[in-house]
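The values are calculated or read from the model by the stated rules, or taken from the named source; none is laboratory data. Treat the numbers as computed from the prediction; the structure is a model and nothing was measured. In this analysis, Cβ positions are derived from the backbone assuming ideal geometry, glycine residues included, and neighbour counts consider all displayed protein chains.
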Amino acid sequence: MNMQIVRFSLAAALLTAAPILEMASANDFRERGKAAKLSASAVSITPPRDWNKLDIRPGKFAETWTLDGEQLNDVTFYTGVEPGAPLVKERNKKRKPLPKFGAETLLVEVPELLEGTYRAYKEIGEFRLTGSKPGSYLGVKGVEFTYDYTDGDQIRRQGEAHAAIIGGKLYMATYDAPKIHFFQRNIADYRALISTAKIM
Amino acid sequence: MMLSALGVIGAILMAGAAPQSKTRTAPPPPPFQGVYQPQGVDEIGLWKVDDENESKLSNSRAVIHDEALTAYVKNVLCSAVGNDRCNSVRVYIVREPSFNATMSPNGTMRVFSGLLLRVRSEAELAAVLGHEFGHFERRHTLERFKAQRRGTDLLSWAAVLSSFNNNPYARRSFDDLELSVYGSLLRFNRDNEREADLVGLGYLNVSALRPQAAARVWQNLMAETEASAVAKGMKRPRFDRVAYFASHPPEGERAAYLGALALPEAADRPDGADRYRQAMGPWTPVFLKDQIGLNDFGGSEYLINSLASDGWTSTLWFHRGELFRARGGQRDLVHAADFYSQAIALDPLYADAYRGLGLAMIKTARPTEGRAALARYLELKPEADDRAMIELTTASLN
């Protein structure tokens, strides 16, 4: 009898907790024209159109925004990566370490850092940097580069990224989308989005 | 049905036990029986599923569509198992930097690029491919499918029977049975691997290649695993223990019994190392880059050093430089600059080596030399993708 009461109260507690849990794990809406802060950092962005922010973050310094789902158009912001830290959370620090951003990392090497991170994290061989040139991000001189790769789902993706090193920390935005149709469809949205990024 | 299942397991156990005997070498393969065709509803079904997988694979971007490389690997397989047998196989080289090769029921062989980087000779490659062919010839996928079905059938009935009996002993008996069935299925898989090793070495013993190479593959892999673990600050791995979930026998055991199964008088046969090196030539830099991308410092350093045992080339020095520069400690960068210089000494027109050298020097407080190296890089590769960034880097040094 006692057991039944315990079970009932446990079920009741779970039922009442469910909406709260659901809210806590929901993805967020980023409304057009409303400034939003990135990963509790000093970077703010005012999206020119509505975006979704995914709740699951790739790492301590990263967060992902998307229009139709991360497999179709994925904008990931890496905000204030500190020297000695990897871009995304390592699956296993000891067995499968990821390349780290370093105090000595040069701007010209940032594309290689992203390449190393993708190759090691996804364990793929098919990744190609297709070009890099001086650009700007957060109003600071930086690097702009492009790449393509084939992910584990065998879909060929194309990417464009903008990065800058500010105060010894790395700030970067990447846009990854399938080469067929999606990359071209939303590249302008990505560029418009990151052009509103500001560091306070 | 159960008795015949036990019979199959028993037979394979015996086949598995045979390799551990030091007095017996692997027997030659039986005469070729003709083209393989699926028999029975299970095997026909497996082949149909596999045909679909193969058509997806053949259009996949993961496959390296290099006619010469694929033909070469297929030839090595044929030189091990004979032309009759190898006609039933289609080889696909998959660009994936791990050590692996697979064979599926309809004769699709996937050879991973990571395997091609790791083996050193035709004989070593033939040993792995012969093992995979052994799985095909003995219809192991079908056997595993049937064993799994038998095991899960048994568990389903046991679940029904134990549910009739509402006491903890029935539940515990079911749990014990479950562990025992899963354990025996995993053991069955390991015995399949042992049998494929035995069959594979049987082919090598009657081929023109050196069968002792098979043990060498596993010795090299153990050394690489150990180098990788040491660089990561982990405990030295054990190669003599069989874990409950292990899909393959431990590497130490395989190296030992493969060595014993090889025909001793065949130790003088050629291993085709020169031909192998030549065939892999254009692909070695690509596979090395993929390997370095895995961020496994110890493993990559081991592989580069082992490739260099036949002599250092500019490609090997360059990739060693890339490996050290990617790790990026100050000491690493000094070493990297040295390795790039060695690459340039062997090939003064190696543009990418100048790039690495320049960047490594800039980061080790040698900007003047670094700028000169980067200028040389742009001179040798005027259309470089990162030209503007390199120019920006050198300009910022002023």
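General observations
- Residue count, segment B:371-385 (criterion: facing chain A (nearest Cβ under 10 Å) and free of Cβ contacts under 8 Å to residues at least 12 places away in the same chain): 1
- Being among the aliphatic types (A, V, I, L, M), farther than 27 Å from B:Glu391 by Cβ and facing chain B (nearest Cβ under 7 Å) holds for only one residue in A:Leu98, A:Leu72, A:Leu106, and it is A:Leu98.
- Positions within segment B:230-277 being of a type in the set (Val, Ile, Thr) and either without any contact (Cβ under 8 Å) to a residue 60 or more places away in the chain or touching a Leu at 6+ places or on another chain (Cβ under 6 Å) (or both), in sequence order: B:Val242
- Filter result for B:Asp51 (in contact with a Phe, Trp or Tyr (Cβ under 8 Å, 6 or more places away or on another chain), away from chain A (no Cβ under 13 Å) and surrounded by fewer than 18 Cβ atoms within 10 Å (Cβ to Cβ)): no
- When segment B:325-352 is limited to residues that are assigned to a loop (DSSP other than H, G, I, E, B) and within 12 Å of another protein chain (Cβ to nearest Cβ), the one that is nearest to B:Asp296 (Cα to Cα) turns out to be B:Gly328.
- Taking the criterion of being within 8 Å of chain A (Cβ to nearest Cβ) and without any contact (Cβ under 8 Å) to a residue 12 or more places away in the chain, the residues of segment B:388-398 that qualify are B:Ala388, B:Met389, B:Leu392.
- Members of segment A:128-141 that are within 7 Å of chain B (Cβ to nearest Cβ) and within 19 Å of the chain's Cα centre (by Cα): A:Leu129
- Scan of segment B:64-87 for residues that are closer than 16 Å to B:Leu204 by Cβ and of a type in the set (Ser, Thr, Tyr), ordered by number: B:Ser79
- Checked against (1) over 24 Å from B:Ser300 (Cα atoms); (2) within 7 Å of another protein chain (Cβ to nearest Cβ); (3) touching a helix residue (DSSP H, G or I) at 6+ places or on another chain (Cβ under 7 Å), A:Phe145 passes all but a single condition, namely (2).
- Filtered residues of segment B:81-125 (kept if in contact with a Gly (Cβ under 8 Å, 6 or more places away or on another chain) and not basic (Lys, Arg)): B:Val81, B:Ser88, B:Val89, B:Glu96, B:Pro97, B:Ser98, B:Phe99, B:Asn100, B:Ser113, B:Ser121, B:Glu122, B:Ala123
- Within segment A:66-80, the set of residues being buried (at least 19 other Cβ atoms within 10 Å of the Cβ) and touching a Ser or Thr at 6+ places or on another chain (Cβ under 8 Å) comprises A:Asn73, A:Asp74, A:Val75, A:Thr76, A:Phe77, A:Tyr78, A:Thr79, A:Gly80.
- Residue count for segment B:173-195, restricted to those that are more than 23 Å from B:Glu137 (Cα to Cα) and not small (Gly, Ala, Ser): 8.
- Scanning segment A:94-107 turns up no residue that is in contact (Cβ under 8 Å) with a residue 24 or more places away in the chain, crowded, with 19+ Cβ neighbours inside 10 Å and over 24 Å from B:Gln330 (Cβ atoms).
- Residue in segment B:353-370 that is surrounded by the most Cβ atoms within 10 Å (Cβ to Cβ), counting only those that are facing chain A (nearest Cβ under 10 Å) and in a loop (DSSP other than H, G, I, E, B): B:Lys363
- Test for A:Tyr171: is it under 17 Å from the mean Cα position of the chain (by Cα), more than 10 Å from every other protein chain (Cβ to nearest Cβ) and either over 29 Å from B:Gly356 (Cα atoms) or not in a loop (DSSP other than H, G, I, E, B) (or both): yes
- Test result for B:Ala243, outside any helix (DSSP H, G or I) and either within 30 Å of A:Pro97 (Cα to Cα) or in contact with a strand residue (DSSP E or B) (Cβ under 8 Å, 6 or more places away or on another chain) (or both): yes
- The listed residue being buried (at least 21 other Cβ atoms within 10 Å of the Cβ), away from chain B (no Cβ under 12 Å), at pLDDT 95 or above and closer than 19 Å to A:Arg49 by Cβ, out of A:Ala192, A:Ala177, A:Ala161: A:Ala177
- For segment A:174-190, residues that are outside any strand (DSSP E or B) and within 18 Å of A:Lys37 (Cα to Cα) total 1.
- Qualifying residue in segment A:46-53 (condition: in contact (Cβ under 8 Å) with a residue 24 or more places away in the chain and within 26 Å of B:Gly299 (Cβ to Cβ)): no
- Lone qualifier among B:Val111, B:Val76, B:Val91 - being closer than 22 Å to B:Ala279 by Cα, under 21 Å from the mean Cα position of the chain (by Cα) and assigned to a helix (DSSP H, G or I): B:Val76
- Failed item in (1) farther than 20 Å from B:Asp296 by Cβ; (2) crowded, with 23+ Cβ neighbours inside 10 Å; (3) more than 7 Å from chain B (Cβ to nearest Cβ); (4) of a type outside the set (Phe, Trp, Tyr), with A:Leu87 passing the rest: (1)
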